[in-house]
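One structure is given here, and the rest of the page talks about it.
The values are calculated or read from the model by the stated rules, or taken from the named source; none is laboratory data. If you're wondering where the values come from, they're calculated on a predicted model, not measured in any experiment. Glycine also receives a Cβ, built like all others from the backbone with ideal geometry; neighbour counts cover every protein chain displayed. All accessible areas refer to the heavy atoms of the entire protein, side chains included, with ligands and DNA or RNA removed. Shrake-Rupley method; radii C 1.70, N 1.55, O 1.52, S 1.80 Å.
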Amino acid sequence: MDLELVSEILRLKEEKDAVILAHSYQPPDIQDIADHVGDSLQLSRTAASTGSSVIVFCGVRFMAETAHILSPEKTVLLPEPDAGCPLADCIEVPALLSMQEVYPDALTVLYVNSPADVKAASYACCTSANALEVVKSVPSDEVIFAPDRNLGTFVSERSDKKIHIWNGACRCHATADIQNIRSAMEEWPDAELLVHPETSPEVWDLANSVLGTGGMIRHVDQSDSRRFIIGTEEGMVYRLSTLFPDREFRAGGKIYCSDMKKIDLQKIIVSLRELEPAIRLDPDIREKAYTAVARMTEITG
Ligand code: SF4
């Protein structure tokens, strides 16, 4: 790690009253300099509770937007404006409104991996960890679930509600290399395989547990196993290795998100110096999106 860059970041953080948040899929050097590392919702809640007036969000756009939705009075910086999410980009408001017209009795539950204006057009948001709980709790027997079809299928198989699933996917998780996972299982036969619900049902069938990133951390903490194969974005292997140095982890499935690797230390410095690029949302969209996010937090606590 470049210590000069790190020292400049620390100085600027102090000068600008900033806190640095990093998603678990970020590269090791970004995770190492962050004040908090976690999943997108956990980080947004941290953003809302921090006393700092500036938040540097090291992740992708929808995450920084969610932090802004929850903390509109703070400056939320996304050091690389092109850090997007192909899953979030696969849904747009007009198409969702058309689907809502086709299923007028269904309430829309939207995975947080989605743009702010689509959140504003939805009833409630959810994460991979609480999707089933949110779907079960919304006051309708019919639900539109968007935009991830694998997470939607995961929920649909575990709920009695009629679920209409949007046909989107995280291209990194949905194309996980099953042969690579099988090879890892052969080489580490004693390991538990933990996979993310954005992977395909064929991958779930191989796994010991299907969990979001926060769930993986809790699972490892409570497990007696010493070795784990991790079927989610490879940055999570570094995160788990840092938290549990007495266990062994390896990636399974060659899951790599290039958008999650677009931020580097130099970009954080420029962003802190200029306080740009900052997330700005139309206030009406922000308020409506806040309602959808707040419904999730009311349901899941
Ligand atoms: Fe989006 Fe998938 Fe990358 Fe997450 S891993 S940011 S869902 S493309």
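Could you order Glu287, Glu233, Glu133 by accessible surface area, starting with the largest, using a probe radius of 1.4 Å?
On the way: Glu287 115, Glu233 0, Glu133 90 Å².
My answer, sorted largest first, is Glu287, Glu133, Glu233.
Have a look at the DSSP beta bridges in the chain and tell me what percent are antiparallel, nearest 5.
Percent antiparallel among DSSP bridges in the chain is about 5.
If you line up the Cα atoms of the range 190-285 on their principal axes, what length do they span on each, largest first, in Å?
Sorted from largest, the Cα extents of the range 190-285 read 50, 32, 24 Å.
When Lys and Arg each count +1 and Asp and Glu each count -1, what net charge do the other residues less than 13 Å away from Glu92, Cβ to Cβ, add up to?
Local charge sum for Glu92: -1.
Amide H of His164 versus every other amide H placed in the peptide plane: which residues, excluding those fewer than 5 positions away on the same chain, fall under 5 Å?
Result for His164 returns Val143, Ile144, Phe145.
Heavy atoms only, 1.4 Å probe, whole protein assembly: order Lys262, Lys288 by accessible area, highest first.
Output order, biggest surface exposure first: Lys288, Lys262.
Quick query: amide H of Gly231 versus all other amide H atoms, modeled in the peptide plane; which residues come in under 5 Å with a sequence gap of 5 or more or a different chain?
Close amide H contacts, sequence-distant or interchain: Leu194, Val195, His196, Gly252.
Counting only other residues whose beta carbon sits under 15 Å from that of Pro104, what net charge do I get with K and R as +1, D and E as -1?
Here the charged neighbours net out to -3.
I'd like the accessible area for Leu281: 1.4 Å probe, protein heavy atoms, all chains in place, Å² to the nearest 10.
Answer for Leu281: close to 40 Å² accessible.
Could you tell me the center-to-center distance, by alpha carbons, between the range 50-68 and the range 104-132 in angstrom?
With the range 50-68 and the range 104-132 each reduced to a Cα centre, they are spaced 19 Å.
Does the range 110-209 classify as rounded, prolate or oblate by the C-alpha gyration tensor (a ≥ b ≥ c root eigenvalues; a/c under 1.5 gives rounded; else a/b over b/c gives prolate, otherwise oblate)?
prolate
On the full set of protein chains, 1.4 Å probe, figure out the accessible area of Asp32 and give it in Å² to the nearest 10.
For Asp32, the solvent-accessible surface is approximately 80 Å².
State the three equivalent ellipsoid semi-axes of the chain, derived from the C-alpha gyration tensor as the square roots of 5 times its eigenvalues, in descending order and whole Å.
Each semi-axis is the square root of five times an eigenvalue, giving 29, 27, 15 Å.
How would His219, His36, His23 line up by accessible area, probe 1.4 Å, largest first? Don't skip to the answer; put the middle values down first.
Working: His219 50, His36 80, His23 10 Å².
Of His219, His36, His23, the descending order of accessible area is His36, His219, His23.
Tell me whether the range 232-297 comes out rounded, prolate or oblate; compute the Cα gyration tensor, take square roots of the eigenvalues as a ≥ b ≥ c, and use a/c under 1.5 as the rounded threshold.
On the way: a/c = 2.57, a/b = 1.49, b/c = 1.72.
Oblate, since a/c reaches 1.5 and b/c is not below a/b.
Assuming R0 = 22 Å, can you tell me the calculated FRET efficiency for the pair Asp205 and Thr175, based on Cβ-Cβ distance, to the nearest 0.05?
Working from the Cβ atoms, E equals 0.85.
Calculate what fraction, in whole %, of the accessible area of the chain sits on carbon and sulfur atoms when a 1.4 Å probe is rolled over the protein chains.
Answer for the chain is 46 percent, counting heavy atoms of protein chains only.
Between Pro245, Pro201, Pro72, find the one with the highest GNM mean-square fluctuation for the chain; connect C-alpha pairs within less than 10 Å.
Largest GNM mean-square fluctuation: Pro245.
Ignoring ligands, DNA and RNA, what accessible area per residue does the chain give at 1.4 Å, in Å²?
On a per-residue basis, 43 Å².
Which value, in Å² rounded to 10, gives the accessible area of Arg295 with a 1.4 Å probe and all protein chains present?
Per-residue accessible area (Arg295): approximately 70 Å².
Of the options Thr50, Leu275, Val19, report the single residue whose Cα projects farthest towards the positive end of the charge dipole of the chain (beta-carbon charges: Lys, Arg +1; Asp, Glu -1).
Farthest towards the positive end: Thr50.
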